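K.L.:
Just passing along the structure, written as structure tokens.
The values are calculated or read from the model by the stated rules, or taken from the named source; none is laboratory data. What you are looking at is a predicted structure, and each value in this text was computed from that prediction instead of being measured. In this analysis, Cβ positions are derived from the backbone assuming ideal geometry, glycine residues included, and neighbour counts consider all displayed protein chains.
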Amino acid sequence: MSQTPNQKSGAQSNPLFALGKERLELIGKHADALMQGYLDGQINESAFSEQALQKLLDSRVLDYPDEQRLQLRPIVNELIASLTQDERKRQINSDVGEHLDQIHTRVQSLQAARQKGDYAASEHHLQLLTERVNDMTGQFGDAIESLWHRLNTEFGFVSSLDDKILEIELAQRQLRRILDGFGIINFDDLIQLAGSDGSLRKLLVSQLQARISEHSGSLLEVQKRLVLLMSRFRQQQDKALLINRMSAFLRQHPNFQVGDYPNRSQVPAVVNQAQGISAQAFIALDRAQDSYALAELARAVPRELEQGSNSERQDQGFSMALQSLVATEQKQLAKDVEDFFIHVIESPEALSGVDYLAEKELSWEPEMWLFQIVAEYQGLPEQNKQSFMLEKDSAPKSRFNQLYIIQDVTVGMRFFGDFQAAG
Amino acid sequence: MIENGPLLERLLEGEYICSITDEHSFHKLQNEELVDDLNHFLRPLNRRVAKNDDGSVYFLAYCDLTQNARQHLSHQFTSTVQSLLPMLEWMQLVQEALGRDGALSLGDTIKLQDFESKVVDNQSLIQRLAHLANDKLFKSTSDKPDMQIKQVFKRIKELGYLHQPHKDRLFYQVTGKVEQLIELVRFIKDEENLPIDEEIPEQEVMF
């Protein structure tokens, strides 16, 4: 006490600090006996002096769940388990044993109280017993829920497949431990224990049985899914390996000749993939009932011929006006744009100007190209313009003015309003 | 049968039907009665509905291996084998760029932007991409990674290994045809007794 620490921080002046430190030290002082108790599941009273025992009880490290038994408080048990990462090994099994033991003692106390006709005490014992049973099934429930959670996220908390596979193995062991825990519960014993007492039978036998079978069903499903997931992860690993090795092999053996499987007497299934057949149909005028629909179509579809001659005129108009400028280049640009529009007419879907430019590997500046497409579109006669639909894909240049930069234009045909605009 | 017309047509055109390309039809094809009906219709065309080993993709196969059928199969097989290395390298590239340690599988989603940003961050990936894009399977003439990526993915989509759910959005999903390709690789490995099951040290792989 006399040596003040170098810096006495605010935390250290907190009364909680002193108390917590005292308690931790107390645990440290009795580490041997407490650990022995953790392993045995029960504390040997004689290991402590009366004073020490009282201190441990006051500090909420130990308690008497009933008169005869001295135990670590569950929270201390948990602390030790988590510090030693022992919970996986112990929790379910030992807990089930422990719970069952306590259920036994509690039932005995209950029956003793009933024999004495102590109604209040027996009520109390029954309540504690109910809590104990619920605790036990609750623990199973929690463990199963945690398994489900990990399963449903596909073990997303670890990234590599190796780790995922390890986690699945871990989960499978945990699952087995829970099942072992179920195995410990002996319903014959419990039936005997409950005797002819209706409320006990209900609590210890019918309710518990229903809960356990529900849990078992859930576990079975978890097990199935774990196996599936495991095989999927292993397959993925296996495939990745196959891909790596095959590509390495092919690189090493550029002249590798594969067998002529298609011409073997037995053609392997993996090779047998039929060639595509496209069933085409054409306009037929030999059925009178179709004529109306066909006429509708004919009216709606822009006529290629008219389209062609219009564009030609357009082209001429341009070239004449710009002859004094870089006439040939301008002509080529107009020609390319015209090709683009013809492509649009032939294509079932809308085309992106930028994509087309890249695809055809044309050398135009994208800006110039898009401008020309828009210009060509604007220059179309109104009637033809309606056949096309032009969408500008633009983004504001800056937040401070209203300038929009067109990044792409998408042009498509407007068939019966069927055109699905991109963007 | 009328309502199955479009499905039949797609199959006839040589499409692969999986849960990604057409979930509805894929589920329909799991009904054996329907497949029997379709097969009955397809019989005169010398075709039948076939599926891969794990049933993740449906396509048409020949019933009788006539001379014509074999000729086509031969042609197709050769071109698949010829494009095998670039396809495998593409799969490796995507897998590595996206930091996955499992192979690309049916249903995996690839966002082009993610892929691009990963590739341009890494000189060796840029080089591998350039090498790949130059392959005659992809035929890209651009020296810009973004154009190369666009071209490579476009080609792979055309080949049926990728599905683009939205025409205007650059993300792709891996189709069941990839699984079929892997099956073919496994088949070739087993059938040709390729010595690739042993561990090959990484260094050796590089040369």
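K.L.:
Mind checking which residues of the stretch B:52-73 are facing another protein chain (nearest Cβ under 7 Å) and touching a Phe, Trp or Tyr at 6+ places or on another chain (Cβ under 9 Å)?
P.N.:
Matches in the stretch B:52-73: B:PHE59, B:ARG70, B:HIS72, B:LEU73.
K.L.:
Identify the residue in the stretch B:166-198 that is assigned to a loop (DSSP other than H, G, I, E, B) and either aliphatic (A, V, I, L, M) or in contact with a strand residue (DSSP E or B) (Cβ under 6 Å, 6 or more places away or on another chain) (or both) and, among all such residues, is farthest from A:VAL258 (Cα to Cα). Full working, then the answer.
P.N.:
Within the stretch B:166-198, the subset assigned to a loop (DSSP other than H, G, I, E, B) is B:166-170, B:175, B:192-198.
Add one more test, that the residue is either aliphatic (A, V, I, L, M) or in contact with a strand residue (DSSP E or B) (Cβ under 6 Å, 6 or more places away or on another chain) (or both), and what stays is B:170, B:175, B:194, B:196.
Working: B:LEU170: 36, B:THR175: 25, B:LEU194: 10, B:ILE196: 15 Å.
Looking at residues that are assigned to a loop (DSSP other than H, G, I, E, B) and either aliphatic (A, V, I, L, M) or in contact with a strand residue (DSSP E or B) (Cβ under 6 Å, 6 or more places away or on another chain) (or both), I get B:LEU170.
K.L.:
Only one of (1) within 11 Å of chain A (Cβ to nearest Cβ); (2) of a type in the set (Phe, Trp, Tyr); (3) farther than 30 Å from A:LEU161 by Cα is not met by B:PHE41, so which one is it?
P.N.:
It fails just one condition, (1).
K.L.:
Here is a follow-up. Show me the helices (runs of 4 or more DSSP H) found entirely inside the stretch A:94-196 where at least 2 residues are within 22 Å of A:ARG69 (Cα to Cα).
P.N.:
In the stretch A:94-196, A:119-152, A:187-194 are the helices (runs of 4 or more DSSP H) which contain 2 or more residues that are within 22 Å of A:ARG69 (Cα to Cα).
K.L.:
So, restricting to helices (runs of 4 or more DSSP H) that lie completely within the stretch A:1-93, which ones have at least 1 residues that are at pLDDT 85 or above?
P.N.:
Numbers: elements: A:10-13, A:15-29, A:31-40, A:50-58, A:74-83.
Passing ranges, in order: A:15-29, A:31-40, A:50-58.
K.L.:
Sticking with this structure for a sec: Tell me the residue from B:ASN46, B:ASN52 that is assigned by TED's automatic domain parsing to the domain that holds B:GLN30 and surrounded by 19 or more Cβ atoms within 10 Å (Cβ to Cβ), please.
P.N.:
So the residue among B:ASN46, B:ASN52 that is assigned by TED's automatic domain parsing to the domain that holds B:GLN30 and surrounded by 19 or more Cβ atoms within 10 Å (Cβ to Cβ) is B:ASN52.
K.L.:
Which residues, counting only those in the stretch A:187-204, are surrounded by fewer than 17 Cβ atoms within 10 Å (Cβ to Cβ) and touching a helix residue (DSSP H, G or I) at 6+ places or on another chain (Cβ under 6 Å)?
P.N.:
Within the stretch A:187-204, the first condition is being surrounded by fewer than 17 Cβ atoms within 10 Å (Cβ to Cβ), and the residues that meet it are A:187-189, A:191-192, A:195-199, A:201-202.
Hits for the stretch A:187-204 are A:ILE191, A:ARG201.
K.L.:
Only one of A:GLN207, A:GLN252 is facing chain B (nearest Cβ under 9 Å) and over 21 Å from the mean Cα position of the chain (by Cα). Can you tell me which?
P.N.:
A:GLN252
Table: residues versus (1) touching a strand residue (DSSP E or B) at 6+ places or on another chain (Cβ under 6 Å); (2) surrounded by fewer than 17 Cβ atoms within 10 Å (Cβ to Cβ); (3) at pLDDT below 85.
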| site | (1), (2), (3) |
| --- | --- |
| A:ARG303 | no, yes, yes |
| A:LYS335 | no, yes, no |
| A:GLN372 | no, no, no |
| A:LYS385 | no, yes, yes |
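K.L.:
In addition: Suppose we filter B:LYS111, B:LYS157, B:LYS139, B:LYS144 for residues that are of a type outside the set (Val, Ile, Thr) and at positive phi; which single one remains?
P.N.:
B:LYS139
K.L.:
If we keep just the residues of the stretch B:164-187 that are free of Cβ contacts under 8 Å to residues at least 12 places away in the same chain and out of contact with any helix residue (DSSP H, G or I) (no Cβ under 8 Å at 6 or more places or on another chain), which is farthest from the other protein chains (Cβ to nearest Cβ)?
P.N.:
B:PRO165
K.L.:
Related question: Can you tell me which residue among A:LEU285, A:LEU220 is more than 7 Å from chain B (Cβ to nearest Cβ), surrounded by fewer than 13 Cβ atoms within 10 Å (Cβ to Cβ) and modelled with pLDDT of 90 or more?
P.N.:
Matching residue, one of A:LEU285, A:LEU220: A:LEU220.
K.L.:
Continuing with this model, one more query. Does A:LYS239 fit the bill of being within 14 Å of chain B (Cβ to nearest Cβ), farther than 29 Å from B:LEU194 by Cα, surrounded by 16 or more Cβ atoms within 10 Å (Cβ to Cβ) and not β-branched (Val, Ile, Thr)? Lay out the reasoning, then the answer.
P.N.:
Values: within 14 Å of chain B (Cβ to nearest Cβ): yes; farther than 29 Å from B:LEU194 by Cα: no; surrounded by 16 or more Cβ atoms within 10 Å (Cβ to Cβ): yes; not β-branched (Val, Ile, Thr): yes.
Here the answer is no, as A:LYS239 does not meet what is asked.
K.L.:
Find the residue count for the stretch B:126-158, including only residues that are under 12 Å from the mean Cα position of the chain (by Cα) and crowded, with 18+ Cβ neighbours inside 10 Å. Spell out the reasoning first.
P.N.:
Initially, the stretch B:126-158 is screened for residues under 12 Å from the mean Cα position of the chain (by Cα), giving B:153, B:155-158.
Restricting the remaining residues to those that are crowded, with 18+ Cβ neighbours inside 10 Å gives B:153, B:155-156.
Count: 3.
K.L.:
Scan B:GLU89, B:GLU116, B:GLU15 and give me the residue that is part of a loop (DSSP other than H, G, I, E, B), acidic (Asp, Glu) and surrounded by 18 or more Cβ atoms within 10 Å (Cβ to Cβ).
P.N.:
B:GLU15
K.L.:
Continuing with the same structure: Please list, ordered by first then second residue, the pairs with beta carbon atoms under 9 Å, 6 or more apart or interchain, first in the stretch A:173-200 and in the same structural domain as A:VAL133 (by TED's automatic domain parsing) and within 30 Å of A:VAL222 (Cβ to Cβ), second surrounded by fewer than 16 Cβ atoms within 10 Å (Cβ to Cβ) and charged (D, E, K, R).
P.N.:
So the pair list comes out as A:ARG173/A:ARG88; A:GLN174/A:ARG88; A:ARG177/A:ARG88; A:ARG177/A:LYS89.
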